[in-house]
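Student: Below is one structure. I have some questions about it.
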Amino acid sequence: GAGVSQTPSNKVTEKGKYVELRCDPISGHTALYWYRQSLGQGPEFLIYFQGTGAADDSGLPNDRFFAVRPEGSVSTLKIQRTERGDSAVYLCASSLTLAANTGELFFGEGSRLTVL
Amino acid sequence: AQSVAQPEDQVNVAEGNPLTVKCTYSVSGNPYLFWYVQYPNRGLQFLLKYITGDNLVKGSYGFEAEFNKSQTSFHLKKPSALVSDSALYFCAVRGGDMRFGAGTRLTVKP
């Protein structure tokens, strides 16, 4: 597709379960970003990839959160032992790698995670 | 550390009136500033950006933003608001990643 694709669009799980959220970026975009957005708040940075490697994972809240991008395209955000506080919309974005980081990010529609 | 602040949670304007949504920034080095809009249950859509050059930047849907270095501001503006402009607006600053403000909810009333 032409845009950033995220699956699933909605995920309901029980506390303590494991969850995977997938992001398929725009073809040719080398940079990929994960954000978390709670209701009424701005997107909170989690991690970003440049190619296959995590360039900055300082936003991951704890070691229950992990993300991979093994082939430099699709990325998976993994959450272990989910807690009710993990409930949020998880946004993925991608961008071209331009000099001095001047490019805009293109966002997917998000994956809404609800932990019961 | 780079950051932006949006001092207003909510802005209300009447249709046809000009609108301003405020943003201030704090960066070390050159500021790369962005505005995004979010409609209900949707992802963020890019509106415009300032990288260098003219302080007045024009973007999508008739929006523009004015970069002011002395006031460290990057306010979003539109000369004549539409009801369909009602949405959540986010200011952002780019380094390696992109950091967003808390957002301003714009309501345009008929």
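Student: Tell me whether region A:43-50 contains one or more residues that are of a type in the set (A, V, I, L, M) and not in a strand (DSSP E or B). Full working, then the answer.
Tutor: From region A:43-50, those of a type in the set (A, V, I, L, M) are A:46-47; that's our starting set.
From what's left, not in a strand (DSSP E or B): none.
There is no residue in region A:43-50 that is of a type in the set (A, V, I, L, M) and not in a strand (DSSP E or B).
Student: Here is a list of conditions, (1) of a type outside the set (A, V, I, L, M); (2) part of a strand (DSSP E or B); (3) more than 14 Å from chain A (Cβ to nearest Cβ); (4) open to solvent by 50 Å² or more (accessible area, probe 1.4 Å), and residue B:71 meets all of them except one; can you say which number that is?
Tutor: Only one criterion is unmet by residue B:71, namely (2).
Student: Which one of B:9, B:54 is open to solvent by 60 Å² or more (accessible area, probe 1.4 Å), of a type in the set (D, E, K, R) and touching a Ser or Thr at 6+ places or on another chain (Cβ under 7 Å)?
Tutor: Values: B:54 fails: touching a Ser or Thr at 6+ places or on another chain (Cβ under 7 Å).
Step by step, each of B:9, B:54 is checked, and only B:9 is open to solvent by 60 Å² or more (accessible area, probe 1.4 Å), of a type in the set (D, E, K, R) and touching a Ser or Thr at 6+ places or on another chain (Cβ under 7 Å).
Student: Quick check on residue A:95: is it in contact (Cβ under 8 Å) with a residue 12 or more places away in the chain, polar (S, T, N, Q), touching a Phe, Trp or Tyr at 6+ places or on another chain (Cβ under 6 Å) and within 14 Å of chain B (Cβ to nearest Cβ)?
Tutor: Details: in contact (Cβ under 8 Å) with a residue 12 or more places away in the chain: yes; polar (S, T, N, Q): yes; touching a Phe, Trp or Tyr at 6+ places or on another chain (Cβ under 6 Å): no; within 14 Å of chain B (Cβ to nearest Cβ): yes.
Against the criterion (in contact (Cβ under 8 Å) with a residue 12 or more places away in the chain, polar (S, T, N, Q), touching a Phe, Trp or Tyr at 6+ places or on another chain (Cβ under 6 Å) and within 14 Å of chain B (Cβ to nearest Cβ)), residue A:95 does not qualify.
Student: Additional query: Does region B:93-110 hold any residues that are within 10 Å of chain A (Cβ to nearest Cβ), open to solvent by 10 Å² or more (accessible area, probe 1.4 Å), at pLDDT 90 or above and part of a loop (DSSP other than H, G, I, E, B), and which are they?
Tutor: The one that is within 10 Å of chain A (Cβ to nearest Cβ), open to solvent by 10 Å² or more (accessible area, probe 1.4 Å), at pLDDT 90 or above and part of a loop (DSSP other than H, G, I, E, B): B:102.
Student: Limited to region B:12-24, what total is found for residues that are open to solvent by 80 Å² or more (accessible area, probe 1.4 Å) and either free of Cβ contacts under 8 Å to residues at least 60 places away in the same chain or touching a His at 6+ places or on another chain (Cβ under 9 Å) (or both)?
Tutor: 1
Student: Quick check on region A:109-116. Is at least one of its residues more than 9 Å from chain B (Cβ to nearest Cβ), open to solvent by 40 Å² or more (accessible area, probe 1.4 Å), closer than 20 Å to residue A:18 by Cα and at pLDDT 95 or above?
Tutor: Yes: one or more hits.
Student: Within the set of pairs 6 or more residues apart or between chains, which connect a residue that is within 11 Å of chain A (Cβ to nearest Cβ) inside region B:25-48 to a residue that is assigned to a strand (DSSP E or B) and surrounded by fewer than 13 Cβ atoms within 10 Å (Cβ to Cβ) with Cβ atoms less than 9 Å apart?
Tutor: Here the result reads B:48/B:58, each pair linking region B:25-48 to a residue that is assigned to a strand (DSSP E or B) and surrounded by fewer than 13 Cβ atoms within 10 Å (Cβ to Cβ).
Yes/no per residue for (1) open to solvent by 40 Å² or more (accessible area, probe 1.4 Å); (2) within 13 Å of another protein chain (Cβ to nearest Cβ):
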site: A:24; (1), (2): yes, no
site: A:39; (1), (2): yes, yes
site: A:53; (1), (2): no, yes
site: A:59; (1), (2): no, yes
site: A:84; (1), (2): yes, no
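Student: How about region A:55-116: which strands (runs of 3 or more DSSP E) wholly inside it have at least 1 residues that are farther than 16 Å from residue A:35 by Cβ and hydrophobic (A, V, I, L, M, F, W, C)? Walk me through it before giving the result.
Tutor: On the way: elements: A:65-68, A:75-79, A:88-95, A:111-115.
Because the criterion is at least 1 residues that are farther than 16 Å from residue A:35 by Cβ and hydrophobic (A, V, I, L, M, F, W, C), the strands (runs of 3 or more DSSP E) in region A:55-116 that meet it are A:65-68, A:111-115.
Student: Condition first: part of a strand (DSSP E or B) and facing chain A (nearest Cβ under 9 Å). Now tell me which residues in region B:49-60 satisfy that. I'd like the intermediate steps shown before the answer.
Tutor: So the first thing to find is which residues in region B:49-60 are part of a strand (DSSP E or B), and the list is B:49-50, B:56-58.
B:49, the sole residue that qualifies.
Student: Taking residue B:41 as the residue in question, decide whether it is closer than 23 Å to residue A:41 by Cα, open to solvent by 40 Å² or more (accessible area, probe 1.4 Å) and in a strand (DSSP E or B). Talk me through it step by step, then tell me what you get.
Tutor: Working: closer than 23 Å to residue A:41 by Cα: yes; open to solvent by 40 Å² or more (accessible area, probe 1.4 Å): yes; in a strand (DSSP E or B): no.
The answer is no for residue B:41.
Student: Follow-up question, since we're still on this one. Filtering region A:1-22 down to residues that are facing another protein chain (nearest Cβ under 10 Å) and crowded, with 16+ Cβ neighbours inside 10 Å, which residue is nearest to residue B:44 (Cα to Cα)? Give the derivation first.
Tutor: Kept after step one, since they are facing another protein chain (nearest Cβ under 10 Å), are these residues of region A:1-22: A:3-4, A:6, A:9.
Then keep just the ones that are crowded, with 16+ Cβ neighbours inside 10 Å; that gives A:4, A:6.
Details: A:4: 11, A:6: 13 Å.
If we take residues in region A:1-22 being facing another protein chain (nearest Cβ under 10 Å) and crowded, with 16+ Cβ neighbours inside 10 Å, then A:4 is nearest to residue B:44 (Cα to Cα).
Student: Taking region B:74-87, which residues are open to solvent by less than 50 Å² (accessible area, probe 1.4 Å) and either assigned to a loop (DSSP other than H, G, I, E, B) or farther than 16 Å from residue B:24 by Cα (or both)? Even if it seems obvious, please write down each step before you answer.
Tutor: Applying the first criterion (open to solvent by less than 50 Å² (accessible area, probe 1.4 Å)) to region B:74-87 yields B:74-76, B:78, B:81, B:85-87.
Those that are open to solvent by less than 50 Å² (accessible area, probe 1.4 Å) and either assigned to a loop (DSSP other than H, G, I, E, B) or farther than 16 Å from residue B:24 by Cα (or both): B:78, B:81, B:85, B:86, B:87.
The values are calculated or read from the model by the stated rules, or taken from the named source; none is laboratory data. Since this is a predicted model, take the numbers as computed values, not measurements. All Cβ positions, even for glycine, are placed from backbone atoms using ideal geometry, and neighbour counts span all protein chains on display. What goes into the accessible areas is simple: the full protein's heavy atoms, side chains included, and nothing from ligands, DNA or RNA. Shrake-Rupley method; radii C 1.70, N 1.55, O 1.52, S 1.80 Å.
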